[in-house]
Amino acid sequence: MCKVNVIGLGYIGLPTALSMAANGIEVIGTDVNSGLIEKLNNNQLTFEEPGLGELFRKAKKGRIAFTTQYQTADVYIVSVPTPYVKENKRLDPGFLVGAVNRILEIARKGQVIVIESTISPGTIDKVVRPLLSSCPRLSPGDIQLVHAPERILPGNMLYELANNPRTIGADDPATGEGIRGLYSRFCKSDITVTDIRTAEMSKVVENTYRDINIAFANELAKICRADGMDVYEIIRIANRHPRVNILQPGPGVGGHCISVDPWFLVGDYPGLANIILTARKINDSMPEFVLERTFEIMKENNIWGLEKVGFYGLTYKENVDDVRESPTLQLLGCMERHLAFGARVYDPFVKRKIVDNQCFDLREFLDGIDLVVVMVAHDEIKQFVDIFKEKIVLDTRNVLEDSFYKL
Ligand code: SAJ
């Protein structure tokens, strides 16, 4: 029977560990954050995701334990953060190196290390393999490496974990087939086995594809704004074409994935990753574009003073609590650089104070302001359309009716 040690119990590691345990696999969930481990051992979840509570209860009926310690296992799944260095747009492999080194302290011949964290193409060769070859306890080939990138969409993680096709990159086909068998215990879709380099590149390419297509929608929004056209109607009609699928313009691209992964290609292939770089610049320009629209609307409605303005939404997208690289944080950073302070901010999913003038109650947030800029399309908005109607609204997510300002 296969025993699995999942390293890193964040947005990817925890659902993966729980899904495996709920499907009869023995799982040790490891995270260096003792507070997180304590919460899990007290049956408290560490982030919001539809269905996570039910999966947690199902997993706890299986064989799962949470600890800060690494434990020897047949398979180690590494799902630690892989941030990128803003200055040079390259991957910061620090957490990955730390996790692999800790595994190599206890790993034994015949065991497998699966890297799930998103990594730039070539990271396994450049960063991970040298750790194995320099490990005095092990001989070449004792430990097999696999890269199994995830594709789950925050906000729909558990369904996608079970139903999205998966990619398994492995040096050794037999190992790839073994890991395919393990993942098929909870993944009901097809699982492609390929080599590691192809698995690394395909993952980054998927997210880069999406970033470019979001940039196209955002550029269309700017073009239509300049010419007084309705970008949403144009996209709606264009998408009636059987082979056209234009995405939606928004206030920017956030999250730890779409806004990050394309930079790996820009950093690794300078001079070649041209449309990729241009798309990143377009998406990163959207928070400033929202500020320009906000100022236009303030002038048009004689609203003077940012204390009359509120930004609804701090997370990077609807119905999640993740604020990493969020367009609102990018926008507030831009305002600070121009010494523009005083606007209010509110997000129903953000319970802790992370910015100045942050409100924690919707009515408190709306009371006394004239202009609301909707930055995130949380479901809450649709429950309170009537009170939003009492305000001037810039709806950057096209989530409210036509009576409001749009991008
Ligand atoms: N966004 C738009 N317009 C759109 C779609 C998205 O402005 O039409 C914005 C969102 O508001 C958000 C950002 O883009 O700020 C990214 O959101 P997302 O829903 O497009 O993607 P993520 O980051 O939540 O998840 C992506 C997914 N990748 C793809 O769809 C190719 C997911 O499958 C990956 O597993 C995930 O990245 C990841 O972890 O790599």
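The values are calculated or read from the model by the stated rules, or taken from the named source; none is laboratory data. Note that this is a predicted model, so its numbers are computed, not measured. Quick reminder, even Gly has a Cβ in these numbers, built from the backbone with ideal geometry, and neighbours come from all protein chains shown.
As a summary of the residue check, GLY141 satisfies the conditions (1) more than 28 Å from the chain's Cα centre (by Cα); (2) part of a loop (DSSP other than H, G, I, E, B); (3) surrounded by 15 or more Cβ atoms within 10 Å (Cβ to Cβ) except for the one numbered (3).
Against the conditions (1) within 30 Å of VAL205 (Cβ to Cβ); (2) part of a loop (DSSP other than H, G, I, E, B), LEU277 satisfies every one except (2). Looking across region 223-239, the residues that are more than 30 Å from PRO149 (Cβ to Cβ) and crowded, with 16+ Cβ neighbours inside 10 Å come down to CYS224, ARG225, VAL231, TYR232. Screening SER134, SER139 for residues that are free of Cβ contacts under 8 Å to residues at least 12 places away in the same chain, out of contact with any Asp or Glu (no Cβ under 7 Å at 6 or more places or on another chain) and farther than 18 Å from SER202 by Cβ leaves exactly one candidate, SER134. ARG102: basic (Lys, Arg), touching a residue at least 24 places away in the same chain (Cβ under 8 Å) and on the phi < 0 side of the Ramachandran plot, yes or no? It is true that ARG102 is basic (Lys, Arg), touching a residue at least 24 places away in the same chain (Cβ under 8 Å) and on the phi < 0 side of the Ramachandran plot. Reported count of residues in region 241-298, each being within 16 Å of the ligand (Cβ to nearest atom), hydroxyl-bearing (Ser, Thr, Tyr) and modelled with pLDDT of 95 or more, is 1.
The residues of region 241-263 that are in a loop (DSSP other than H, G, I, E, B) and either at positive phi or aromatic (Phe, Trp, Tyr) (or both), listed by number, are GLY252, GLY255. Criterion first (within 16 Å of the ligand (Cβ to nearest atom) and farther than 28 Å from TRP263 by Cβ) does ASN156 satisfy it? Against the criterion (within 16 Å of the ligand (Cβ to nearest atom) and farther than 28 Å from TRP263 by Cβ), ASN156 does not qualify.
When ILE168 is tested against (1) of a type in the set (A, V, I, L, M, F, W, C); (2) outside any helix (DSSP H, G or I); (3) closer than 30 Å to LEU394 by Cβ, only condition (3) is not met. Screening ILE196 on (1) in contact with a helix residue (DSSP H, G or I) (Cβ under 6 Å, 6 or more places away or on another chain); (2) touching a residue at least 40 places away in the same chain (Cβ under 8 Å); (3) within 16 Å of the ligand (Cβ to nearest atom) shows it passes everything except condition (3).
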